[in-house]
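> Here it is, the structure in full.
The values are calculated or read from the model by the stated rules, or taken from the named source; none is laboratory data. Quantities reported herein were computed from a predicted structural model and do not represent experimental measurements. Methodologically, a virtual Cβ is constructed for each residue, glycine included, from the backbone with ideal geometry; neighbour enumeration extends over all protein chains shown. Just the protein is used for accessible areas: all its heavy atoms, side chains included, with ligands, DNA and RNA removed. Shrake-Rupley method; radii C 1.70, N 1.55, O 1.52, S 1.80 Å.
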Amino acid sequence: MLRRRTSHEASRYLPRSQSARLQLRRRRIAQGEGLRVLAAGPDASGSSIGRLSSSDARDGWSVANGKAPHQMRQPILDAHPPPSDGRSMIEHSSREDHQPLAGSRRRILVSGLLGWAAGGIALVAMGACSTSKETGPLSHDLTGEQLFTQAFPGTNGRSCASCHVPEDNFTLTPAHVTRLLETNPSDPLFSAIDADDPTAETLTFEHLKVGLVRVWLTVPDTMDLIDDAGNVTTPPDRKVFVWRSVPSIADTAMTAPFQFDGRAATLEEQAQAAIISHSEGGTVSQTELARIAAFQREVFTSDRARAAAEHLARGVAPENVPDMEAALDLTPAEQRGRAVYEAACAACHGGGSRGTITNREARDLLFPALKPDGHVLYEVPATDPPTPVLAADQASDFLNIGSAFVTYLGQVDPESEILTKSVSFPRYRYRFYTDGSRTKKVIDLPPPPPPFDGDDLSDFDPELDDDGNPIAGPNLVPQIFSSDPGRAMITGQPHDFEAFDVPTLRGIGRTAPYFHNNSARDLDAVVTFYSQFVLGRLAPLNLPPIHPPAHEGPPEALSADQKSDLIAFLNRL
């Protein structure tokens with residue numbers, strides 16, 4: 001017999017929302033009310049403004065030739081986003097690191113989305129994914145930088161720099177897209193493949209205006225898409241799409257594999273995929289791909305990052321790379337922020353790259369074991385708070401910290417404050433199998449919420465089982481759909497559900513908005529998210545959630561002063 005938890009009990013188990021109220025009516029969601037698959041809302045844009053400083057003048061973003069962004073060749077065609085690429089969540093900046101260079105209605109909705117993806121957009125998908133043609137060379141004597149900033153013949157006019165905009169630290173910012181749409185709506189950036197609805201008579205670009213591009217993925221042989229009743233809905237071509245942001249190319253010399261889900265092993269592979277999927281071109285020569293990759297490897301957030309990359313290239317282990325930030329002239333607030341960084345961030349953003357997991361015990365806590373029904377397995381008898389049983393032998397360094405779940409909140413919580421809540425995202429569920437024959441099911445994710453007692457449907461508190469433990473999936477709360485499978489769509493493994501790459505944090509202050517989905521508009525939103533929903537779960541960090549929340553929601557692991565100091569250091573990193 002399931003019972004409802006009291007609000008007092010619920011507060012012990014899970015966060016309510018990132019916004020003022022993480023409350024929604026599950027009944028309305030289950031019935032599909034207000035959840036339009038392709039709805040596009042009003043524009044929500046943001047921008048990042050870097051601070052300049054006279055200290056460490058040479059320690060800004062750099063490329064081999066030392067030019068500043070305004071000295072670089074402007075993109076001949078300032079077009080569209082490459083393949084949701086780069087490293088997950090890479091963001092860059094710092095006070096001295098300036099000028100970066102170089103059945104139910106919901107089932108109908110889901111099936112409608114898949115029908116649109118497989119049908120109306122078929123021609124777009126075929127154009128984006130076809131590799132049958134070859135793209136002619138621009139010129140045999142062009143440099144990697146020139147190949148990066150110019151469109152290849154036979155494409156839709158987009159170059160690498162169309163999305164990795166040099167003037168914006170090689171990212172695609174909402175401010176850039178909004179400005180470009182106002183001044184040059186015929187720019188190749190605004191191609192049908194990234195329109196909100198590519199089949200519409202009049203194309204709109206609300207997703208692009210919040211810095212998101214459409215990324216097509218192939219469903220692995222060991223997976224299927226399913227609806228809320230468990231019926232398989234995988235399109236015949238096994239292609240699905242997600243919306244992702246465009247991370248910076250800086251520091252990619254030490255951040256392989258590439259793209260948020262790690263599907264590109266090399267920069268050359270990533271560049272070719274971008275030309276096919278986002279520029280709608282064909283294959284280009286290995287020589288040209290090598291030149292593009294070489295240019296990207298010479299783009300760094302700072303001379304400190306370049307020095308760290310040189311050590312790593314010589315075979316020095318990440319943990320043995322000298323502390324490149326040791327000589328920084330920090331303010332008192334930045335010094336305190338560095339101490340907070342070491343306590344709260346370095347467990348996953350450590351080592352010479354500032355993107356290496358160094359605390360395996362903390363990392364393991366992000367991999368709970370799952371029951372066959374998809375719900376988290378907890379220790380029995382129940383503890384207070386509940387203790388998940390940890391999955392065995394999960395070697396992946398792609399982590400589910402809940403960033404994809406934040407997108408879910410933005411879709412179902414009208415009061416959500418995330419940047420991208422105004423645009424729609426796909427609504428998927430996934431079935432995992434033992435092998436490519438797809439005959440023996442392992443698990444369905446996210447699991448459907450259980451039936452429950454009582455009439456109060458207004459919150460996210462999970463039901464309790466007979467042992468007193470929550471009934472919830474990998475994100476520890478009831479979840480009806482997923483907007484992005486993350487690494488799982490590459491590996492076909494359930495432990496990679498909504499997991500993404502761990503980025504380097506050097507230069508992070510200069511590349512807002514953040515996360516794979518641009519859900520966090522600034523560093524304050526990022527730090528508050530971790531303080532409320534992540535750090536307190538990781539007991540080895542010894543950062544219990546004891547501080548009052550900045551607004552509403554669960555208590556925080558960091559105080560207001562600690563968060564302020566940490567942001568000061570991150571802006572300097």
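> What list of ³J(HN,Hα) values in whole Hz, one per residue of segment 307-313 in order, does the Karplus curve 6.51 cos²θ - 1.76 cosθ + 1.60 (θ = phi - 60°) give from phi, with Gly and Pro shown as x?
Karplus values, whole Hz, x for Gly and Pro: 5, 4, 4, 5, 4, 5, 5.
> Let me ask something else. Convex hull over the alpha-carbon atoms of segment 393-500: what's its volume per residue in Å³?
141
> Could you grab the relative contact order for segment 284-356? Cα pairs under 8 Å, six or more apart, rounded to a whole percent.
33
> Turning to a different aspect of this structure: Using label points projected 7 Å from each Cα along Cα→Cβ, tell me how many nm separate L377 and K440, to one decimal.
Placing both labels 7 Å along Cα→Cβ, they lie 1.7 nm apart.
> Starting from the Cα of T143, step 7 Å along the direction of its Cβ; do the same at R179; then give the gap between the two resulting points in nm.
2.4
> Taking all protein chains in place and a 1.4 Å probe, what share, in percent, of the accessible surface of segment 489-549 do carbon and sulfur account for?
56
> Can you tell me the order of 150-160, 537-547 when each peptide is scored by its average per-residue count of other Cβ atoms within 10 angstrom, highest first?
The most tightly packed comes first, giving 150-160, 537-547.
> Go from 0 up to the bin containing the longest alpha carbon distance in segment 150-267, width 5 Å each, and give me the % of pairs per bin.
Result, from short to long distances: 2, 9, 15, 19, 19, 15, 11, 6, 3, 0 percent.
> Something else about it: With every protein chain left in place, what is the accessible area per residue of segment 211-277 in square angstrom, probe 1.4 Å?
25
> Under 5 Å between amide H atoms, partner at least 5 residues away or on a different chain: which partners does Y430 have, H built in plane at 1.01 Å?
Counting only residues 5 or more places away or on other chains, the set is I226, L445.
> Starting at the first residue of segment 351-358, write each ³J(HN,Hα) from the Karplus equation 6.51 cos²θ - 1.76 cosθ + 1.60 with θ = phi - 60°, in whole Hz, x for Gly and Pro.
For segment 351-358, the Karplus-derived couplings read x, x, 7, 6, x, 10, 6, 10 Hz, x marking Gly and Pro.
> How many percent of Cα pairs in segment 420-573 exceed 19 Å?
Roughly 67 percent, rounded to a whole number.
> A further question follows. What residues qualify as long-range amide H neighbours of L390, i.e. H under 5 Å apart, gap of 5 or more or another chain, H built at 1.01 Å from N?
Here A369 satisfy the definition.
> Could you compute Rg(Cα) / (2.2 N^0.38 Å) for segment 241-308, with N its residue count?
Here the answer is 1.16, to two decimals.
> Here's a follow-up. Could you work out what % of the accessible surface of segment 298-430 is carbon and sulfur, using a 1.4 angstrom probe and leaving DNA, RNA and ligands out of the count?
Ligands and nucleic acids excluded, carbon and sulfur reach 54 percent.
> Right, here's the next one. If you line up the Cα atoms of segment 201-243 on their principal axes, what length do they span on each, largest first, in Å?
Principal axes ranked by extent give 34, 20, 19 Å for the Cα atoms.
> What distance in nm separates the simple spin-label points at A369 and A339, each placed 7 Å from Cα in the Cβ direction?
4.0
> Could you order the peptides 192-198, 169-175 from most to least packed, using the average number of other C-beta atoms within 10 Å per residue?
In descending order of packing, they fall as 169-175, 192-198.
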